[in-house]
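The values are calculated or read from the model by the stated rules, or taken from the named source; none is laboratory data. This structure is a prediction, so every number in the text was calculated from the model and none was measured. Virtual Cβ from ideal backbone geometry, glycine too; neighbours counted across all protein chains shown.
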Amino acid sequence: MRYEMNAQYDNDDRTDWDRDPSKYRGMHKDLPTARFWEVDSLRGVAIVLMVLYHLVFDLNYFAVYDIIVSSGFWLVVARLSASLFLLLFGLSLTLSHSRARLQGQENEYISHLLKRSAWMLVLALGVSVVTYLFIGRGFIVFGVLHLIGISLLLAYPFLRLRRANFIFGFLLILLGIYMQNIIVGFPWLLWLGLAPEGFYSVDYFPVFPWFGVILMGVGLGSLLYPRYRRRISMPDFAGSPFVRGLSFLGRNSLAVYLVHQPVIFAFLYLSGISLAWH
């Protein structure tokens, strides 16, 4: 399904949309439930890159192959996967917020975010406990699930700022890069990006700079999908088997994230590889 955006219509009525979104309800009754295949499929690409990187990481971790994963090509793959996923997470927040406004449910939207945040943080705590029990040092203190759980709440005030989020996101990314050079003597601000000397975690996504990437996604969503409609007309590849496969992964990204490592471990074990945790 294709939705096109009239730029003049968007610019002329932007303040009316912010002031009274109810005037646009019912204009396109199918919009609030429609999904954008390109968003799902790009998220699927990020998931494929993540699984590929973690497979290579595990092969190195269990000393199957000596692969450099902390720099070079594989670090680029890891950063590309994470950046794309978090950018799309921010974009999806814009879409869900627009959908809630179109459906007249903006008052319930914050409650929705609170519930999702709580669920994500419960899952994140479970990941922290499991990784602590299995690998000890290097366990996940503040990984991508922790970041998403916190960001669901932090992002809400920014959703109305639209394209200004490009500026805020850029500044937070710069701040996060600067903070990487600061060493503190305690672990209590790890979630912000301030780490003690010698800190190591197999999955670390502090608020700075990664919340900045999410805000860039919020800005991108406001630019490309105003009022839950595509600004740019594009061919519909949703029926392609390849795109459907990627979209399936994108729609089920949380489930894939939670199960992909156990599946990799099982595959390695059944292949006769000794899983020596260290």
Can you tell me which of (1) hydroxyl-bearing (Ser, Thr, Tyr); (2) crowded, with 18+ Cβ neighbours inside 10 Å; (3) out of contact with any Phe, Trp or Tyr (no Cβ under 7 Å at 6 or more places or on another chain) is the one residue 83 doesn't meet? (2)
Given the condition closer than 23 Å to residue 143 by Cβ and not hydroxyl-bearing (Ser, Thr, Tyr), answer yes or no: does some residue in the range 218-232 qualify? yes
Given (1) in a helix (DSSP H, G or I); (2) at pLDDT below 95; (3) out of contact with any Pro (no Cβ under 9 Å at 6 or more places or on another chain), where does residue 221 come up short, assuming only one miss? (2)
Across the range 123-160, which residue is farthest from residue 87 (Cα to Cα) among those that are part of a helix (DSSP H, G or I) and of a type in the set (Phe, Trp, Tyr)? 134
Without any contact (Cβ under 8 Å) to a residue 40 or more places away in the chain, part of a helix (DSSP H, G or I), farther than 27 Å from residue 229 by Cβ and not aromatic (Phe, Trp, Tyr): does that describe residue 177? yes
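Does the range 201-217 contain at least one residue that is of a type in the set (Ser, Thr, Tyr), farther than 23 Å from residue 116 by Cβ and loosely packed, with under 15 Cβ neighbours inside 10 Å? Break it down stepwise before answering.
Of the range 201-217, the ones of a type in the set (Ser, Thr, Tyr) are 201, 204.
Adding the requirement that they be farther than 23 Å from residue 116 by Cβ leaves 201.
Keeping just the survivors that are loosely packed, with under 15 Cβ neighbours inside 10 Å gives none.
Taking every residue of the range 201-217 in turn, none turns out to be of a type in the set (Ser, Thr, Tyr), farther than 23 Å from residue 116 by Cβ and loosely packed, with under 15 Cβ neighbours inside 10 Å.
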In the range 84-102, is there at least one residue being at pLDDT 95 or above, more than 23 Å from residue 233 (Cβ to Cβ), β-branched (Val, Ile, Thr) and within 21 Å of the chain's Cα centre (by Cα)? no
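Among the residues of the range 78-115, which ones are among the small types (Gly, Ala, Ser), in contact (Cβ under 8 Å) with a residue 60 or more places away in the chain and either in contact with a Pro (Cβ under 6 Å, 6 or more places away or on another chain) or under 30 Å from residue 56 (Cα atoms) (or both)? Lay out the reasoning, then the answer.
Restricting attention to the range 78-115, the residues satisfying the condition of being among the small types (Gly, Ala, Ser) are 78, 81-83, 90, 92, 96, 98, 100, 104, 111.
Pick out the ones that are also in contact (Cβ under 8 Å) with a residue 60 or more places away in the chain and you get 82-83, 90, 92, 98, 104.
Passing the criteria: 82, 83, 90, 92.
Going through the range 31-77 one residue at a time, which ones are of a type in the set (S, T, N, Q), in a helix (DSSP H, G or I) and either surrounded by fewer than 18 Cβ atoms within 10 Å (Cβ to Cβ) or free of Cβ contacts under 8 Å to residues at least 24 places away in the same chain (or both)? Before you say what the answer is, go through the steps one by one.
Taking the range 31-77 and keeping what is of a type in the set (S, T, N, Q), we get 33, 41, 60, 70-71.
Among the residues that remain, those that are also in a helix (DSSP H, G or I) are: 33, 41, 60.
The answer is 33, 60.
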Could you list, ordered by first residue, the pairs with Cβ atoms under 7 Å in which the first is in the range 243-264 and under 7 Å from residue 44 (Cβ atoms) and the second is hydroxyl-bearing (Ser, Thr, Tyr) and assigned to a helix (DSSP H, G or I), at least 6 apart or interchain? 246/41; 247/41; 250/41
Residue by residue through the range 224-242, note down the ones that are among the aromatic types (Phe, Trp, Tyr), in contact (Cβ under 8 Å) with a residue 60 or more places away in the chain and assigned to a helix (DSSP H, G or I). 228
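Would you check which residues across the range 137-169 are among the aromatic types (Phe, Trp, Tyr) and either surrounded by 20 or more Cβ atoms within 10 Å (Cβ to Cβ) or in contact with a Gly (Cβ under 7 Å, 6 or more places away or on another chain) (or both) and list them?
142, 158, 166
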